[in-house]
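S.K.: Before we start, here is the structure in question, set down as structure tokens.
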Amino acid sequence: MKLLGLEINKLKNESGMALITVLLVLVVMSVMGLSLMGMAASNVKMSSGERSTQSSYYIAESGVTYIMNDITKNIEGFYKDSSDQTSFFSKFESNYKVNTNNLPNYDQFEATFGQQKPVSNIRIDRLDNNPNSAITREYKITSIGAIDKRSRTVEKQFQLTWKPKDSLSIPDTAVFTKNTIKLVGGGGIVGGLGTNLNTAGSIELDGGPTISGNIYVGPTAVKKNVLKKPDSMIVNNPIINMQSIKTFNMPVFPTFPSYPIPADKSHNEYKVINKGVLRVDSWQVEDYVLDMDSNMSFSEIRLNSNYRLFINVKDSDKSIVVDHLNVTNGKIYIIGKGKLTIYVRNNITMGSGSLINSSDQIVNPPKKASADEKRRLIEEQVKKLEVFYKGTKPFILAGDQKIYGSLFAESAELIFSGGGGFQGHIVSGGNKVTIKGGAEAITQLFYAPNADFIASEGGTITGTIIANSFSGSGGSKVTFPDTGLNQDTVPSFIEIGSGGSVNPKDIIISAPTREK
């Protein structure tokens with residue numbers, strides 16, 4: 001029993017256990033502490049790296065912003081010191097070391113956290129997106145932001161456009177010609193008229209025409225001889241010799257861009273896009289919406305049976321290149337915030353009461369809307385569409401067919417009749433323009449310096465006409481707006497003239513900055 005008791009006492013002896021426990025706790029805490037310290041150090045290293053990576057992006061972006069602001073500040077000076085586009089682009093590319101690595105780095109930053117001083121390496125390259133354009137060039141800024149051995153790259157594309165300094169001087173007259181003017185059979189001019197001619201009989205009046213404004217003639221014209229009229233006709237309008245003849249040059253017709261043809265697409269089990277043809281010619285695709293995320297090309301856009309096509313340009317300007325714009329009977333509406341440009345290679349066909357770019361407010365204006373209010377509605381709508389027509393076939397609008405937009409026809413004859421008309425600015429390089437039979441053109445500017453312009457059978461024009469010659473008869477009427485030419489509505493292809501100065505925003509168009 002005694003031996004048993006001794007053994008039990010040995011088992012109950014806990015001397016030294018506290019030390020072991022303390023040691024175990026210290027070991028565990030040390031391991032945990034070291035682990036936490038390692039994690040903390042790793043996090044600090046990761047945070048520092050992430051900070052450097054993030055900072056390098058903003059450094060690169062700052063480089064782009066800096067150089068873009070510098071270009072905007074200097075571009076007007078390059079323009080003023082240049083006589084033509086060649087000199088302008090040469091000055092810009094030389095100053096900004098285009099296509100070289102010689103542009104100074106941007107380093108207006110302070111070093112932080114003991115790191116190396118941040119720097120942005122900047123380079124500008126010329127792109128070949130518009131190789132056939134003499135007045136427009138595209139460039140790309142590449143900026144590499146570097147800090148603490150980390151770097152990120154961002155890019156920004158921008159476009160420079162030379163604005164011709166030769167002023168296109170638009171006279172404050174309803175009609176102005178390089179050659180003869182003939183008003184017979186009730187033709188009327190609300191406003192003034194003028195001609196560059198100095199010869200006798202350059203303006204012919206007969207059959208009760210009306211002119212409400214001044215008559216302008218060449219610098220050496222003999223006032224009493226310029227009018228060819230019956231002796232019984234009394235003309236009290238002031239006849240004024242101009243100080244010099246006016247020159248009217250044609251704007252440069254643009255080179256058509258190349259865009260991809262959309263893939264075939266079905267809508268309500270009908271192929272609305274089929275082998276490059278946009279077909280809105282079935283009840284299955286009535287009121288079809290063409291969503292334009294990018295520019296595109298078609299061989300034909302076809303509408304009939306009075307179906308409607310909605311072209312959604314979304315939030316930016318878009319362009320369509322088409323061989324044949326074929327609207328035999330239909331309506332095209334433009335929706336979205338951007339402008340649509342349509343390049344027509346071969347032919348424009350309009351039939352029945354087809355409309356392009358109209359609106360509910362124009363078709364059904366407020367009952368109490370004044371003529372000026374209706375005109376302003378049309379002017380705003382016209383801003384949403386520009387049409388470039390390269391075809392040689394006559395462009396004909398008749399029978400209540402209307403297009404609300406601005407037109408640039410390279411060489412085609414224009415014929416508006418029977419209530420049809422183009423409601424916007426018109427530029428024509430063709431040799432003949434005819435408006436007759438109740439046709440109406442609210443043009444603001446009808447610029448056709450090579451064309452013999454014929455208005456007859458009740459054809460009416462609101463705006464100013466510049467032509468080679470003009471003939472008005474049969475109750476036709478040209479009205480110069482009381483407010484004059486609204487230059488805010490003039491489309492991009494008409495250069496009114498800069499007079500030697502220009503706003504940088506008219507020269508520079510830039511895209512968003514993007515990471516490479």
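A short reminder: the numbers here are calculations on the coordinates, not readings from a lab. If you're wondering where the values come from, they're calculated on a predicted model, not measured in any experiment. Ideal geometry is used to build each Cβ from the backbone, glycine not excepted, and the neighbour counts take in all protein chains shown.
S.K.: Which aspartates and glutamates, on any chain, are close to K393 with Cα under 13 Å apart, when same-chain ones fewer than 8 places away are left out?
M.R.: Within the straight-line cut-off, K393 pairs with D323, E410, E413.
S.K.: Here's something else I'd like to know. State, as an integer percentage, the relative contact order of region 175-489 based on alpha-carbon contacts under 8 Å between residues 6 or more apart.
M.R.: Across region 175-489, relative contact order equals 14 percent.
S.K.: Shifting gears a bit: Return the tail of the calculated pair distribution for region 229-334, meaning the percent of Cα-Cα pairs more than 20 Å apart.
M.R.: 54
S.K.: Can you spot the lysines whose alpha carbon is less than 17 Å from K331's alpha carbon? Ignore those fewer than 8 places along the same chain.
M.R.: K384, K402
S.K.: Separate question: Could you quote the convex hull projected area for region 175-489, Cα atoms only and averaged over all directions, in nm²?
M.R.: Value for region 175-489: 16.7 nm².
S.K.: For region 155-242, what number results from the quotient of the Cα radius of gyration and 2.2 N^0.38 Å?
M.R.: Region 155-242 yields a ratio of 1.49.
S.K.: Next up: Neighbouring Cβ atoms within 10 Å as the yardstick, rank V387, V277 fewest first.
M.R.: V277, V387
S.K.: Here is a further query. How about region 275-339: which trypsin sites (Lys or Arg not before Pro) there are in a DSSP loop, with at most 14 other Cβ atoms within 10 Å of their Cβ?
M.R.: When the trypsin sites (Lys or Arg not before Pro) of region 275-339 are filtered for loop state and at most 14 Cβ neighbours within 10 Å, K275, K314, K337 remain.
S.K.: What GluC sites (Glu not before Pro) does region 233-302 have in DSSP loop regions with at most 11 other beta carbons within 10 Å?
M.R.: E269
S.K.: Given bins 5 angstrom wide, list per bin the percent of all Cα-Cα distances in region 322-401, short to long.
M.R.: Percent of pairs per bin, in order: 3, 13, 20, 22, 21, 12, 6, 2, 0.
S.K.: Among Y58, Y389, Y106, what is the fewest-to-most ranking by other Cβ atoms within 10 Å?
M.R.: Fewest-to-most Cβ neighbours within 10 Å comes out as Y58, Y106, Y389.
S.K.: Relative to the compact-globule scaling 2.2 N^0.38 Å, provide the ratio for the alpha-carbon radius of gyration of region 288-425.
M.R.: 1.00
S.K.: Beyond 29 Å between alpha-carbons counts as too far, so tell me which of K80/K432; K246/K390; K367/K505; K265/K516 fall in that bin.
M.R.: Where the Cα-Cα span goes over 29 Å, the pairs concerned are K80/K432; K367/K505; K265/K516.
S.K.: With +1 on the Cβ of every Lys and Arg and -1 on the Cβ of every Asp and Glu, and nothing else charged, how large is the dipole of region 175-489 about its Cα centre, in debye rounded to the nearest 20?
M.R.: 440
S.K.: Among the listed pairs K178/K229; K182/K368; K178/K477; K163/K477, which are separated by more than 31 Å between their Cα atoms?
M.R.: Over 31 Å Cα-Cα: K182/K368; K163/K477.
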